[in-house]
């Protein structure tokens, strides 16, 4: 047994008694990983703020009663989301994804000119605008980040600058009526009061309405060792079997599922009321996925102990590669100053001894520093001004898009490293390459 597994076995019971499951309030909680005290993954800051930067514990647990995998250390959502640095529309892959999403939802579930669609966590309108282009009658976007939602300057979209919950759901119903469709993309995993928000969704939804949400899929996290998905914003890591137990308590059910490649492996879940027309036509994909998850042990604590052990090994591989390159005098910069990057950096112990600076394509981050590690963030222009020998691609889920943006850098001999799903130096043929 490895040292990490031994530590897991020693500590899991004494830690478990201190926490309860956010979904079922169960006490049979088992520690998966303890990241220690870390800065907030989205807490980008200026140099003058270094001394006052807060840090918080970050622990991942598995509930043996309802199979929910969750971060138990809750940070005030206002601190996380009310001044947000993530603008979805900055990523071309996401823009294209949400155009397809809106077209599918309209063709499958809606008569656009007659319906009301609500988005929880609408960000900068990346999905609502394609819905507007489909001529949806009433569009409401809810988001607590005023600096992000204020960029939606589209008269076709009504916005509410707040956290979605029971009160906001009642406000929407009073003003616009019940919703034909509620969508939530990469936010249903971010909500401390998950039971309150699910209550609000069930209440706001019409009898034959649909709730669609996308989240990173637990199966992909386990199979690809995607520990970089774990940070304070991402409280929950969903399997289908855990969601089935959750929605059962609210008179809802998952009637379809769809794997999607976004964010290196997500799942789109389709949810409706148990007595709805959709529930009566539940897809065979739901039963197949549930059986697959049980066969892979997503209901067993031993699966998660093994995951923690394997993650530690992947971290050690990355740090050895970086140390070896630096011993040879190579320069290294990071690409993609995301929350996922900050988890890798802080968990692995990456410092200025390993990489020199960060690059990100979001203009809002330029001139800021990464939380905890304090790497300065530059735009892609830095590659032509002061190119490093290697780029560590923290945003590895968008590897192809980044490689396309870095053609000149690659053509001049630059190389790229991926930290996940494998630690390796990747040869990337350029457009001018003979390969």
With no solvent and one point on each alpha carbon, what is the Debye value of log10 I(q)/I(0) for the stretch 291-422 at q = 0.12, 0.14 Å⁻¹? -0.51, -0.66
Direction-averaged shadow area of the convex hull around the Cα atoms of the chain, nm²? 22.0
Ranked 58, 94, 243, criterion: other C-beta atoms within 10 Å, fewest first: 94, 58, 243
Helix 339-348 axis, angle to the chain major axis (alpha carbon atoms, nearest 10°): 50
The stretch 100-248 - Debye-derived log10 I(q)/I(0), Cα point model, q = 0.17 Å⁻¹: -1.00
Fewest to most Cβ atoms within 10 Å: 263, 374, 158 sort as 374, 158, 263
Along each principal axis of its Cα atoms, how long is the stretch 113-153 end to end? Whole angstroms, biggest number first, please. 30, 15, 12
Rounded, prolate or oblate: which one fits the stretch 158-241, using the alpha carbon gyration tensor with axes a ≥ b ≥ c (rounded when a/c is under 1.5, else prolate when a/b beats b/c, else oblate)? prolate
Is the C-alpha gyration tensor of the stretch 306-363 telling us rounded, prolate or oblate? Criteria: a/c under 1.5 is rounded; beyond that, a/b larger than b/c is prolate, otherwise oblate. oblate
Against the longest alpha carbon principal axis of the chain, how many degrees, from 0 to 90 and to the nearest 10, is the axis of helix 92-109 turned? 20
Please work out the C-alpha center-to-center distance from the stretch 99-172 to the stretch 355-406 and express it in whole Å. 31
Calculate, axis by axis, the spread of Cα positions in the stretch 28-113 along the three principal axes, and write the results as whole Å, longest axis first. 51, 44, 22
Could you put 127, 181 in order, starting from the residue whose Cβ has the fewest other Cβ atoms within 10 Å? 181, 127
In degrees from 0 to 90, rounded to the nearest 10, what is the angle of the helix 284-295 Cα long axis to the longest principal axis of the chain? 50
Cα-based Rg of the stretch 216-292 normalised by 2.2 N^0.38 Å, two decimals: 1.15
Calculate for the chain the 222 nm mean residue ellipticity that helices alone would give, adding -39,500 (n - 2.57) per DSSP H run of length 4 or more and normalising by residue count, nearest 500 deg cm²/dmol. -10000 deg cm²/dmol
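Laboratory data are not the source of any read-out in this text; all were calculated from the coordinates shown. What you are looking at is a predicted structure, and each value in this text was computed from that prediction instead of being measured. Please note: Cβ atoms are built from the backbone with ideal geometry, for glycine as well, and neighbour counts cover all protein chains shown.
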